[in-house]
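Asks: This is the structure I want to talk about, given as structure tokens.
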Amino acid sequence: MDVNAFVSDHNVRLTWIAFFTQWVLWGLVYFVRHAFGHDSEGPAPAADPEQEGKKKWHPDGAMGSRLSHAHRVLMENTLLLLSVLILNTFGGGSTRAVMILTWIYFALTVVVSLSEVGYGHRFVRFVYSAAFFGITLAIGGLAFAQGWR
């Protein structure tokens, strides 16, 4: 395998551009989530003498919590994508198919991270996770099918 020819391929370049774009989005959310805090603690209601000693009000889904969920999605997906892209690049595997799958993965990651900011649900997370896992399996499979010779 000619490493220079593989790395200089335009599709490989576009693949790594997609990865870097996702990495930048991850970094942006990493930075912005600190402005809203990490916990789901929101403003407390006015003090009520009858409520003394009872559990304090903590709204589920405050902006800090939502951004933390989006950050988690971006972090996990970026690391998953990185591992299979390294596998494909070192093995000299597929170029165009991996580039297309990488951009699909990136677009789906953006949709999921935005949906986590707006609305999070376990079933939706399960479906998205299955899609991400399937795409990374496909990229890894292409790496071994067309590379490592």
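Asks: So which residues in the range 112-149 are more than 16 Å from Glu76 (Cα to Cα) and modelled with pLDDT of 90 or more?
Replies: Within the range 112-149, Ala138, Ile139, Gly140, Gly141, Leu142, Ala143, Phe144, Ala145 meet the criteria.
Asks: So which of Val73, Val112 is under 15 Å from the mean Cα position of the chain (by Cα) and free of Cβ contacts under 8 Å to residues at least 40 places away in the same chain?
Replies: Going through Val73, Val112 in turn, just one is under 15 Å from the mean Cα position of the chain (by Cα) and free of Cβ contacts under 8 Å to residues at least 40 places away in the same chain: Val112.
Asks: Return the pairs, sorted by first residue and then second, in which the second residue is at pLDDT 90 or above and aromatic (Phe, Trp, Tyr), the first residue lies in the range 8-32 and is within 25 Å of Glu116 (Cβ to Cβ) and surrounded by 14 or more Cβ atoms within 10 Å (Cβ to Cβ), the beta carbons are less than 6 Å apart, and the residues are 6+ apart or on different chains.
Replies: Filtered contacts from the range 8-32: Ala18/Trp103; Ala18/Phe106; Gln22/Phe106.
Asks: For the range 113-137, which residues satisfy the criterion of being aromatic (Phe, Trp, Tyr) and either open to solvent by less than 60 Å² (accessible area, probe 1.4 Å) or in contact with an Asp or Glu (Cβ under 7 Å, 6 or more places away or on another chain) (or both)?
Replies: Pass one, the range 113-137, residues aromatic (Phe, Trp, Tyr): 119, 123, 126, 128, 132-133.
Within the range 113-137, Tyr128, Phe132 qualify.
Asks: Now for a different question. Test each condition in (1) more than 22 Å from the chain's Cα centre (by Cα); (2) among the charged types (D, E, K, R); (3) at pLDDT 85 or above for Glu52 and report the one that comes out false.
Replies: (3)
Asks: Within the range 92-111, does at least one residue satisfy the condition of being modelled with pLDDT under 90, more than 16 Å from Phe6 (Cα to Cα) and surrounded by 12 or more Cβ atoms within 10 Å (Cβ to Cβ)?
Replies: No, that holds for no residue.
The values are calculated or read from the model by the stated rules, or taken from the named source; none is laboratory data. Bear in mind that the values here come from a model prediction, so they are computed numbers and not experimental data. Cβ coordinates were reconstructed from backbone atoms using ideal geometry, including for glycine residues, and neighbour counts include every protein chain displayed. Only protein heavy atoms, including side chains, enter the accessible area calculation; ligands, DNA and RNA are left aside. Shrake-Rupley method; radii C 1.70, N 1.55, O 1.52, S 1.80 Å.
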